[in-house]
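Structure first, commentary second.
The values are calculated or read from the model by the stated rules, or taken from the named source; none is laboratory data. Remember, predicted model here, so these are calculated numbers, not experimental data. Using ideal geometry, Cβ is built from the backbone for each residue, glycine included, and neighbour counts are taken over all protein chains shown. Just the protein is used for accessible areas: all its heavy atoms, side chains included, with ligands, DNA and RNA removed. Shrake-Rupley method; radii C 1.70, N 1.55, O 1.52, S 1.80 Å.
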2 protein chains.
Amino acid sequence: MTHSEENYIKAIFHLASTGIEVISTNALAEKMETKPSSVTDMMRRLSEKGLVHYKKYQGVSLTTLGTKTALSIIRKHRLWEVFLVEKLGFTWDEVHEIAEQLEHIKSEKLIDKLDELLDFPKFDPHGDPIPGKNGEFMEHDNQLLSQLPIGSVALCVGVKDSSAVFLRFLDKNSIALGNKMKILEKEEFDNSLRILLDERELQISQQIASNLYVKKIEL
Amino acid sequence: MTHSEENYIKAIFHLASTGIEVISTNALAEKMETKPSSVTDMMRRLSEKGLVHYKKYQGVSLTTLGTKTALSIIRKHRLWEVFLVEKLGFTWDEVHEIAEQLEHIKSEKLIDKLDELLDFPKFDPHGDPIPGKNGEFMEHDNQLLSQLPIGSVALCVGVKDSSAVFLRFLDKNSIALGNKMKILEKEEFDNSLRILLDERELQISQQIASNLYVKKIEL
DNA sequence: ACAAATTTTTAGATTTGTCTAAATTTTTTA
DNA sequence: TAAAAAATTTAGACAAATCTAAAAATTTGT
């Protein structure tokens, strides 16, 4: 498989995991920042290789093989991200671009050994689950901070948007994975939240709250 | 730079460091396992980018920029090899192929941090020197085992041939970097050597002896 | 339901890196 | 030193991945 093919497979997987199960040519073109005609060409190629189900004008979806392939790439990506943060001291907003390159390195053994070096992590630095060696994959079953009722107490366990801009915003406001937060008040006007973050009181916009995954703590 | 361009630059550097300073199209084609016509095309491209000196029918050599580029790629290759052996437990005969992929990862910061993680190693697992961040490079000033006079005592510091076959042969005979060896006798017939390796007496063919770098110990 | 709008595909071109076969230049050698 | 041999380059083709522009299919709206 070429890098480009792997990137398409990954993109289809990510689109599919947002709910849509049949992905349109245009949606994929936008995700890949390319033209629809290029997508059509690539879908023909991936279809011939048995990685996607594709019928002209009918959209595309991953085959079993395609899904397995996608999970393997995502596993590599996320393990490398853990490595970059845990072993090399990168910050969580720096690792994505480098992992985009490292995920294409071909060596089963390399990934197994990396997994071992990192002590078999289950989540990447953004809180996203790392698929297992044999394709086991836990979806985020977490709620978004914006969905919690007032008074709830929860742990921050992941980010939905893992763009560098958002991550640096969180750093600036000392919001990190593992923080405990309590919803104090929800502003009716703009749905912003007043929360207690560890010891600190904080005002958080709806935008922010709907990009933070949390795990409710029962009291 | 593309992977392919980087591989050509590296190949030219390696050919140049065997003594030849102007490399022929055919020599490069053989090294790259490709056709001379492909080499000609690539030389035109690399020449336009200012990486090589190239005049039709006159052979090719690296520019200052080309040499700097080659050293940077070799630095990455060798640091990754150290990582694979030291941190992931690979054997020295397994690392070359994986490092061939990893050397193309683009991130200055990644390599600096890797260098630091590995505690700024000066040699790779085969005893080859690792170029410095700013292009400082020490050539092997070592002698080959085959060049030592009878009676000399030396440390094994590197391998000239780092093919997996040769490395596994060394493993099988418990010859490793750091071993102390004393030349006991040279067989006139086939130039094979009888050596004392640590405690053990060993017969070594000329082929083997001319692929082991040693550093003489003054007594 | 049928014309208009949108989406998708096809056709043809471009770039990179490769190939084969033919032409050209350089080197060898008789 | 001129013909033969070897090395190198050019020309033309191909595959991968992309693009633009045009054609075709599907969806939408009245």
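Expressed as a whole percent, the accessible area of the stretch A:62-219 that falls on carbon and sulfur atoms is 51 (1.4 Å probe). Loop-located GluC sites (Glu not before Pro) in the stretch B:120-212 (DSSP state not H, G, I, E or B) with no more than 11 neighbouring Cβ atoms inside 10 Å: B:Glu136, B:Glu139, B:Glu188, B:Glu199.
Between this copy and the others, label points of A:His53 are 6.3 nm apart in ascending order, each placed 7 angstrom from Cα in the Cβ direction. Near A:Tyr213: Cβ cut-off under 12 Å, other residues only, Lys/Arg at +1 and Asp/Glu at -1. The net charge is -1. Normalised by the number of residues in the stretch B:143-216, the average gap of Cα pairs under 8 Å and 6 or more apart makes the relative contact order 45 percent. Dipole magnitude for the stretch A:52-160: computed about the Cα centre from +1 point charges on Lys and Arg Cβ and -1 point charges on Asp and Glu Cβ, it is near 560 debye.
Note on B:Lys160: aspartates and glutamates with a C-alpha under 15 Å away, same-chain residues under 8 apart excluded, are B:Asp93, B:Asp124, B:Asp128, B:Glu139, B:Asp141. Size descriptors for the stretch B:74-139 (Cα atoms only): Rg and Dmax, in that order, 10.8, 29 Å. Placing a label point 7 Å from the Cα of B:Lys216 along the Cα-to-Cβ direction, the distances to the matching points in the other copies come to 8.0 nm, shortest first. In terms of its C-alpha gyration tensor, the stretch B:3-62 comes out rounded, because the ratio a/c of the largest to the smallest axis stays below 1.5. Computed over neighbours whose Cβ is under 14 Å from that of B:Ser47, the net charge equals +2, Lys and Arg +1, Asp and Glu -1.
Inter-copy label distances at B:Leu118, shortest first and taken from points set 7 Å along Cα to Cβ: 2.0 nm. Distance between the C-alpha centres of the stretch A:21-61 and the stretch A:155-215: 36 Å, rounded to the whole angstrom. Across chain B, the mean sequence separation of Cα contacts (distance under 8 Å, 6 or more residues apart), normalised by length, yields a relative contact order of 15 percent. In this Cβ point-charge picture (+1 for Lys and Arg, -1 for Asp and Glu), the protein assembly as shown has a dipole of about 880 debye about its Cα centre.
Where Lys and Arg each count +1 and Asp and Glu each count -1, what net charge lies around B:His77 among other residues with Cβ under 9 Å from its Cβ?
Summing Lys and Arg as +1 and Asp and Glu as -1 gives 0.
So which of B:Lys31/B:Lys109; A:Lys31/A:Lys87; A:Lys68/A:Lys122 end up more than 20 Å apart, counting from Cα to Cα? Don't skip to the answer; put the middle values down first.
Details: B:Lys31/B:Lys109 31 Å; A:Lys31/A:Lys87 31 Å; A:Lys68/A:Lys122 18 Å.
Result: B:Lys31/B:Lys109; A:Lys31/A:Lys87 exceed 20 Å.
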